[in-house]
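Below is one structure, written out as structure tokens, with a few remarks after it.
The values are calculated or read from the model by the stated rules, or taken from the named source; none is laboratory data. Note that the structure is a prediction, hence the values are computed from the model and not measured. Note: ideal-geometry Cβ built from the backbone for every residue, glycine included; neighbour counts use all protein chains shown. These area figures cover heavy atoms from the full protein model, side chains too; ligands, DNA and RNA do not enter into them. Shrake-Rupley method; radii C 1.70, N 1.55, O 1.52, S 1.80 Å.
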Amino acid sequence: MNNPAYYWYVAVTYRKERIIKQELDKMNIKNFVPLRHVVKERNGKKVKLTELVIPGYVFIYTDPKTSRILTQKLAFSMRYLKAPKTYNPVTIPEKQMQDFIFLLTFPEEQTNLVPCNLRRGDKVRIIKGSFAGIEGELIRIKGHKRVVVRLEGVAAVATTYIPASFLERVEQEA
């Protein structure tokens, strides 16, 4: 379902992420709400919960026309994140979104959600290990090399420590 006329849009909402996801699923519109299964202690008992990883965001894979219709069709307070300079809806490339989704399938101990205001580093590809094939930016967190997949202006997810021998530089596109 990699259609060149389709993009990942970043929808912003307030406490309606799961409801919007259900509606999009009913309409057969590909979407992603970052959720993670966690175990919390409540009243002395361990309870399994599904938590939002990035509250307020729903990622929607659709074409520009449908994206506009959805904001009217879904009777919820939902709008698209806009790029600051152009005021156009933020769109995320398919490979970047798939890498982001993939990293969020790992347990919390292996990946960390980090603020998206990181300084840009070298673009790298992981060539060995569990994260092989993931492309992102090389950064340091707590003194360790990690690879971050950044959704510009939204969020970023970072791997655990990655040895330098597991990385190769990816040439920047001109």
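Restricting the search to the range 25-37, which residues are open to solvent by 40 Å² or more (accessible area, probe 1.4 Å), in a loop (DSSP other than H, G, I, E, B) and not hydrophobic (A, V, I, L, M, F, W, C)?
Across the range 25-37, the qualifying residues are ASN28, LYS30.
If you take the residues in the range 72-85 that are modelled with pLDDT of 85 or more and open to solvent by 30 Å² or more (accessible area, probe 1.4 Å), which one is farthest from VAL157 (Cα to Cα)?
ARG79
Matching residues to (1) within 22 Å of PHE100 (Cβ to Cβ); (2) hydrophobic (A, V, I, L, M, F, W, C); (3) outside any strand (DSSP E or B):
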site	(1), (2), (3)
TRP8	yes, yes, no
VAL12	yes, yes, no
ILE19	no, yes, yes
GLU23	no, no, yes
VAL39	no, yes, no
TYR61	yes, no, no
LYS65	no, no, yes
ARG68	no, no, yes
ARG79	yes, no, no
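Which residues, counting only those in the range 157-174, are open to solvent by less than 30 Å² (accessible area, probe 1.4 Å) and at pLDDT 80 or above?
Within the range 157-174, VAL157, ALA158, THR159 meet the criteria.
Kindly provide the set of residues from the range 7-19 that are under 17 Å from the mean Cα position of the chain (by Cα) and in contact (Cβ under 8 Å) with a residue 40 or more places away in the chain, ordered by number.
Correct list: TYR7, TRP8, TYR9, VAL10, ALA11, VAL12, THR13, GLU17.
Could you look through the range 97-120, keep only residues that are crowded, with 17+ Cβ neighbours inside 10 Å and assigned to a helix (DSSP H, G or I), and pick out the one that is modelled with the lowest pLDDT?
Among them, the one singled out is LEU103.
Name the pairs: first residue in the range 81-99 and over 20 Å from LEU70 (Cα atoms), second residue in a loop (DSSP other than H, G, I, E, B) and open to solvent by less than 40 Å² (accessible area, probe 1.4 Å), Cβ to Cβ under 6 Å, at least 6 apart or on different chains?
Qualifying pairs under 6 Å: ASP99/ILE134.
Consider only pairs whose beta carbons are under 9 Å apart and that are at least six residues apart or on different chains; among these, list those whose first residue lies in the range 39-60 and is open to solvent by 90 Å² or more (accessible area, probe 1.4 Å) and whose second residue is of a type in the set (A, V, I, L, M).
Listed by first residue and then by second, the contacts come to VAL39/VAL47; VAL39/LEU49; GLU41/VAL47; ARG42/LEU49; LYS46/VAL39; LYS48/VAL38; LYS48/VAL39.
Of the residues PRO89, PRO64, which single one is modelled with pLDDT of 85 or more, surrounded by 17 or more Cβ atoms within 10 Å (Cβ to Cβ) and farther than 27 Å from TYR161 by Cα?
That would be PRO89, the only listed residue that is modelled with pLDDT of 85 or more, surrounded by 17 or more Cβ atoms within 10 Å (Cβ to Cβ) and farther than 27 Å from TYR161 by Cα.
So which residues in the range 129-156 are modelled with pLDDT under 80, out of contact with any Lys or Arg (no Cβ under 9 Å at 6 or more places or on another chain) and open to solvent by 70 Å² or more (accessible area, probe 1.4 Å), if there are any at all?
LYS142, HIS144, GLU152 - these are the residues of the range 129-156 that are modelled with pLDDT under 80, out of contact with any Lys or Arg (no Cβ under 9 Å at 6 or more places or on another chain) and open to solvent by 70 Å² or more (accessible area, probe 1.4 Å).
Scan the range 1-17 residue by residue and report those that are surrounded by fewer than 13 Cβ atoms within 10 Å (Cβ to Cβ) and basic (Lys, Arg).
Of everything in the range 1-17, just one residue is surrounded by fewer than 13 Cβ atoms within 10 Å (Cβ to Cβ) and basic (Lys, Arg), namely ARG15.
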